[in-house]
1. Just to verify a result, which residue in the range 275-334, among those that are touching a residue at least 40 places away in the same chain (Cβ under 8 Å) and charged (D, E, K, R), is nearest to residue 49 (Cα to Cα)?
2. Applying the selection to the range 1-18, what residues are aliphatic (A, V, I, L, M) and away from the ligand (no atom under 16 Å from the Cβ)?
3. Condition first: open to solvent by 30 Å² or more (accessible area, probe 1.4 Å), more than 15 Å from the ligand (Cβ to nearest atom) and of a type outside the set (Lys, Arg). Now tell me which residues in the range 58-79 satisfy that.
4. Looking at residue 355 and the list (1) in contact with a helix residue (DSSP H, G or I) (Cβ under 6 Å, 6 or more places away or on another chain); (2) in the same structural domain as residue 406 (by TED's automatic domain parsing), which single condition is not satisfied?
5. Within the range 307-330, is there a residue that is at pLDDT 95 or above, of a type outside the set (Ser, Thr, Tyr) and closer than 21 Å to residue 387 by Cβ?
6. Limited to the range 90-125, what total is found for residues that are of a type outside the set (D, E, K, R), near the ligand (Cβ under 8 Å from one of its atoms) and touching a strand residue (DSSP E or B) at 6+ places or on another chain (Cβ under 7 Å)?
7. Pairs needed: first member in the range 89-110, closer than 17 Å to residue 287 by Cβ; second member anywhere, of a type in the set (D, E, K, R) and surrounded by 15 or more Cβ atoms within 10 Å (Cβ to Cβ); C-beta distance under 6 Å; at least 6 residues apart or different chains.
8. Please verify whether the range 207-221 includes one or more residues that are crowded, with 20+ Cβ neighbours inside 10 Å, within 29 Å of residue 136 (Cβ to Cβ) and touching a residue at least 60 places away in the same chain (Cβ under 8 Å).
Amino acid sequence: MKVARPRGVDDLLPDAAGAWQRLDMLARSVCHRFGFHEIRTPVFEHTDLFLRGVGEDTDIVAKEMYTFPDRAGRSLTLRPEGTAGVVRAYLEGGLQAAPQPIKLFYASAPMFRYDRPAVGRYRQFHQTGVEVFGAASPAADAEVITLAHALFAEAGLTQAEVRLNSVGCPTCRPRYRERLLAYYRPHIDNLCADCRVRYERNPLRLLDCKVPSCARLAAGAPTVSEYLCEGCAAHFATLRELLSTADVPFTADPGIVRGLDYYTRTVFEVVSGDAGALCGGGRYDGLVETLGGPSVPAVGFAIGIERLLDALARAGGRAEPGEGPCVFVVCAGEGLLADTLRLTSRLRAAGVSAEFDLLGRGVRAQMKHADRIRARFVMVLGEEEAERRVVAIRDMRTGVQEDVAADAVAEWVKERVSSGV
Ligand code: HAM
């Protein structure tokens, strides 16, 4: 019996790998331009990190974690998100002693959530994200949102939209929470089962429910913006000004509350059509301290790579076929395998991607194969060419063929490729 892959996970097959690689390179290039440095943290952490970091009352911790005891009985968890691990590494790596702010990014990092698989919802998915530590100013919030906006724009998703909100801070949130509970109290019996639990444990999450009757109630709920303290209101106002100055379009959306407990003040999502959030993020000024460090303000976001690629495909982005080799060397004579191998190796050593036939096929079959794998040039090495110390090169785009001196072929190819011929 064949073994199938588990539910909710996917393979990255060669035809789709090009789109991932381009996105990965783009993310690295944008992050580099904004002065961010890469961090990689382990795929599993002590379970306690997420209990304390993400919050025990969140859906992620309550229902979605892949938690298991290791052979020594320690409880470990496959990371459901990247921020808690980055905070742990920031503290453990002593980065708080380095000049602040510390600007970090992670690219296509695998995350795991045991959720019901659906379109755009996987059990293993990948996030590209950034985290900035040590900057309390709204300029840091603007910096990460501007970076996200640049990444979406350069990826070609012009219809991506930033939705922005403030969820206040420990000073103003309790007052809002009370007001929200008072609003919902007469409606408790009409709430869905999840929302009844949210009412008790995490009332802000009531605003985020997708069940139609709950969503209708949420639409009439008091908004947090009316309850922000002076500091939070000023922070939010300055951020909006900065984003306008940076030409980053956004919509203020009081319904954005986010599913993780660590957020303070700014929260935001990037959405496109009705595909759900492609990116989520915000400020988390209390998290470093919660995880045992000093008080360090921080802000960041994470993009779901599968969702971004799906949105790009839906937006009609060209599904570019994977690139073929620059050169396919056709072995056209018995006993010329060694020469074929030598020529291929010389091309590769010169930085030219090159392949040759591994199946011992005839010349016609080799030519056909070269065409099917989209080789740019085919070099034919036969008895006669070997004697004259030349190689017959065919440009597969133009069909033009010419003989080139055997020791000059790498330069010949490189010249043509670099001059865009
Ligand atoms: P999040 O909103 O939970 O935030 O996830 C960020 C993004 O990951 C989502 O917008 C979505 O695109 C993608 N995503 C989440 N769950 C799935 C899934 N099951 N399948 C496919 N894609 C998914 C965070 O994770 C925070 N750590 C973001 C952050 C960084 N906040 C501050 N810094």
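The values are calculated or read from the model by the stated rules, or taken from the named source; none is laboratory data. In this text the structure is predicted, and so the values were computed from the model without any measurement. Don't worry about glycine lacking a Cβ; one is built from the backbone with ideal geometry, like all the others, and counts go over all protein chains shown. For the accessible areas, the whole protein counts, side chains as well, though only heavy atoms, and no ligand, DNA or RNA atoms are used. Shrake-Rupley method; radii C 1.70, N 1.55, O 1.52, S 1.80 Å.
1. 285
2. First, the residues of the range 1-18 that are aliphatic (A, V, I, L, M): 1, 3-4, 9, 12-13, 16-17.
Once the filter is applied, which keeps residues that are aliphatic (A, V, I, L, M) and away from the ligand (no atom under 16 Å from the Cβ), the range 1-18 yields 1, 3, 4, 13, 17.
3. 67, 68, 69, 70, 72, 73, 75
4. (1)
5. yes
6. Result for the range 90-125: 2.
7. 104/131
8. There is no residue in the range 207-221 that is crowded, with 20+ Cβ neighbours inside 10 Å, within 29 Å of residue 136 (Cβ to Cβ) and touching a residue at least 60 places away in the same chain (Cβ under 8 Å).
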